[in-house]
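Right, one structure below, let's go through it.
The values are calculated or read from the model by the stated rules, or taken from the named source; none is laboratory data. None of the values given here were measured: they were computed from a predicted structure. Cβ sites come from the backbone with ideal geometry, for glycine too, and all protein chains shown count toward neighbours.
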């Protein structure tokens, strides 16, 4: 069936939490679901911050294969809302300054967990995904189909975020969390939102213009 262009990608940027399903060690082989926050990495893959003591972390060490479910049903009607199920493997990620800064933009409260020294980042390598966006809008995609375009470099994203901050008059009400070639993740008056671009921004000039359109959209 037909899937709207980039719909799964935008959904992964719209939600703040997901359901992680790992393989239980005891009782062996059963699905073990956990709800936890995540942030999309530059390739739109879920990045999670988990305690080394957590059961799902132990499960991932034993078997990194997992499912990850993301749902957006703002009116409470889950069956008519968007959801995407990702299948793949989770891999530990080094806590580099770039990884930490990006995650904290999405989840600033996580800084207290990082201070404990017990938490580590893991990112999902997506092999397959199934998107459901309502009647007639569903289907399977390979992980490589999520986004075939090279991701925005970290330094390019950082520069665009700084430029954005310089253009916004009230940063307390309007904060840019992340930007990619298809849209911008924002926090506006404390609420998370996604601004989808009209077309993919394949260069910095196009992305600057898209961000300006974003600012004008929310300023009116």
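Do we find that residue 90 is in contact (Cβ under 8 Å) with a residue 40 or more places away in the chain and either in the same structural domain as residue 14 (by TED's automatic domain parsing) or buried (at least 16 other Cβ atoms within 10 Å of the Cβ) (or both) in this structure?
Yes: the conditions hold for residue 90.
Test residue 147 against the criterion of being part of a loop (DSSP other than H, G, I, E, B), in contact with a helix residue (DSSP H, G or I) (Cβ under 7 Å, 6 or more places away or on another chain) and either modelled with pLDDT of 95 or more or under 21 Å from residue 83 (Cα atoms) (or both), and give yes or no.
In short, yes.
Go through 196, 137, 200 for me and flag whichever is within 16 Å of the chain's Cα centre (by Cα) and closer than 13 Å to residue 6 by Cα.
Selected residue: 196, the only one of 196, 137, 200 that is within 16 Å of the chain's Cα centre (by Cα) and closer than 13 Å to residue 6 by Cα.
Does residue 57 meet the test of being under 19 Å from residue 119 (Cα atoms) and either in contact with a helix residue (DSSP H, G or I) (Cβ under 8 Å, 6 or more places away or on another chain) or buried (at least 16 other Cβ atoms within 10 Å of the Cβ) (or both)?
Judged against the criteria, residue 57 is a match.
Of (1) within 27 Å of residue 182 (Cα to Cα); (2) in contact with a strand residue (DSSP E or B) (Cβ under 8 Å, 6 or more places away or on another chain); (3) surrounded by fewer than 20 Cβ atoms within 10 Å (Cβ to Cβ), residue 68 satisfies all except one. Which?
Failing condition for residue 68: (3).
Restricting to the stretch 21-48, and then to whatever is without any contact (Cβ under 8 Å) to a residue 60 or more places away in the chain and under 14 Å from the mean Cα position of the chain (by Cα), can you tell me which residue is nearest to residue 181 (Cα to Cα)?
Top of the filtered list is 38.
From the list 134, 139, exactly one residue is on the phi > 0 side of the Ramachandran plot, outside any loop (DSSP other than H, G, I, E, B) and surrounded by fewer than 19 Cβ atoms within 10 Å (Cβ to Cβ). Which is it?
Answer to the check: 139.
So is residue 17 surrounded by fewer than 18 Cβ atoms within 10 Å (Cβ to Cβ), within 13 Å of residue 107 (Cα to Cα) and modelled with pLDDT of 95 or more or not?
When the stated conditions are applied, residue 17 passes them.
Return the residue satisfying two criteria in turn: it lies in the stretch 163-198 and is touching a helix residue (DSSP H, G or I) at 6+ places or on another chain (Cβ under 8 Å) and in a loop (DSSP other than H, G, I, E, B), and of such residues it is surrounded by the fewest Cβ atoms within 10 Å (Cβ to Cβ).
In this case the residue turns out to be 198.
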